[in-house]
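Notes for the one structure printed next.
The values are calculated or read from the model by the stated rules, or taken from the named source; none is laboratory data. All values derive from a computational prediction rather than experimental measurement. Note that each Cβ is placed from the backbone with ideal geometry, even for glycine, and that neighbours are counted across all protein chains shown.
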């Protein structure tokens, strides 16, 4: 009886110990779902399907409201500039454009009127100036002719006086009255000539003064016109009109920023726009896999590229078939090591891994299929050439 009790006690103790060992002891590490089989010339990594040109989120002006949402659906193609939604503020912005245009037109009309009045004043000043200067050449020419006549008259009088003086020097009797008349004629001719010269100088100075006055009046009229036109802020009014038109054109509706395909629609008619995107779109004509290669496998991949392109097989449970891609040069391999952002679905796997980003272009024949699964997490298997498989040890052996 005592031995039976001891047997039962030992069995109970063993069962409790086995339970606690099974409950609290860590599981044996299992193989990573992204690790290639031992001895296989492959590199396995996780990644995501993405458009080569990236994903574009389309936003609207925060606080505005969607008055009309054009028919949109995932998979629909849009051209750059194609309308997506009409905004409720478009009507108010159009009124602002009309008001700015009216203010600009009124200012332009006043500007044109002031310009016409100023130009008329300039023409009047120029006409007065030209009129004042019109007789200058004739007057000076007439006075020059009179001076020529008086000069000749003086010369004749001087010759007559000189002849009489020669006769008197030869002791020829010359009547005193005749001699005095000759002297008087010379003096009179000199006086008349001097008076004519003074008159010509005065006339010339008068015309020079009139010329300066005419130029000054014209310049004053031109300056007055410039000052009058400067009071009209046409440039700022036009800038306000352009700004109002630009705001109306930019905010009356939301347009597609690129040509591409709609991935996801979040907007609804009548909703107030927030900081969330209205829709998400992308150019899916070229697809890639943004792959995270474990830091210990990167050098193997680089060495393999020395022997030619490295083919890649892309797999995921959601895909109806595997996709194909290839890496042909090192330009698609990042030079920076970072923490992984793609995580294995196996909860036992290490979630803190050092990886290097590698962009793997997909074959053109797989683009349409990949475009249906944007952002899908996939497993990428790089097929290393046999000639490079043995050059470097695998990360698990280092």
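Would you point out the residue of the range 83-113, among those that are outside any helix (DSSP H, G or I) and in contact with a helix residue (DSSP H, G or I) (Cβ under 7 Å, 6 or more places away or on another chain), that is nearest to residue 259 (Cα to Cα)? Ranking the candidates gives 87 first. Is there a residue being at pLDDT below 95, within 17 Å of residue 294 (Cα to Cα) and assigned by TED's automatic domain parsing to the domain that holds residue 47 anywhere in the range 365-375? Within the range 365-375 (the criterion being at pLDDT below 95, within 17 Å of residue 294 (Cα to Cα) and assigned by TED's automatic domain parsing to the domain that holds residue 47), the answer is no, since none of the residues qualifies.
Between 309, 322, the distinction of being surrounded by fewer than 19 Cβ atoms within 10 Å (Cβ to Cβ) and at pLDDT 95 or above belongs to 322 only. Among the residues that make up the range 80-99, is at least one of them free of Cβ contacts under 8 Å to residues at least 60 places away in the same chain, touching a strand residue (DSSP E or B) at 6+ places or on another chain (Cβ under 8 Å) and surrounded by 13 or more Cβ atoms within 10 Å (Cβ to Cβ)? Checked against the condition, which is being free of Cβ contacts under 8 Å to residues at least 60 places away in the same chain, touching a strand residue (DSSP E or B) at 6+ places or on another chain (Cβ under 8 Å) and surrounded by 13 or more Cβ atoms within 10 Å (Cβ to Cβ), the range 80-99 yields at least one hit. If you go through the range 211-238 and keep only what is in a helix (DSSP H, G or I), loosely packed, with under 13 Cβ neighbours inside 10 Å and either within 43 Å of the chain's Cα centre (by Cα) or not assigned by TED's automatic domain parsing to the domain that holds residue 101 (or both), you end up with 219, 223, 226, 227, 230, 235, 236.
Taking every residue in the range 218-239 that is without any contact (Cβ under 8 Å) to a residue 12 or more places away in the chain and pairing it with any residue that is surrounded by 13 or more Cβ atoms within 10 Å (Cβ to Cβ) and in a helix (DSSP H, G or I), at least 6 positions away or on another chain, yields no pair with a Cβ-Cβ distance below 7 Å.
In the range 273-333, counting only strands (runs of 3 or more DSSP E) that sit wholly within it, the ones holding 2 or more residues that are outside the structural domain of residue 66 (by TED's automatic domain parsing), more than 35 Å from the chain's Cα centre (by Cα) and touching a residue at least 12 places away in the same chain (Cβ under 8 Å) span 287-294, 310-315, 323-327. Counting only residues that are in a loop (DSSP other than H, G, I, E, B) and crowded, with 17+ Cβ neighbours inside 10 Å, how many does the range 37-63 have? So the count comes out to 2. Here residue 359 does not qualify as within 23 Å of residue 281 (Cα to Cα), assigned to a loop (DSSP other than H, G, I, E, B) and modelled with pLDDT of 90 or more. Does the range 287-309 hold any residues that are in contact with a helix residue (DSSP H, G or I) (Cβ under 7 Å, 6 or more places away or on another chain) and within 13 Å of residue 359 (Cβ to Cβ), and which are they? Matches in the range 287-309: 287, 293.
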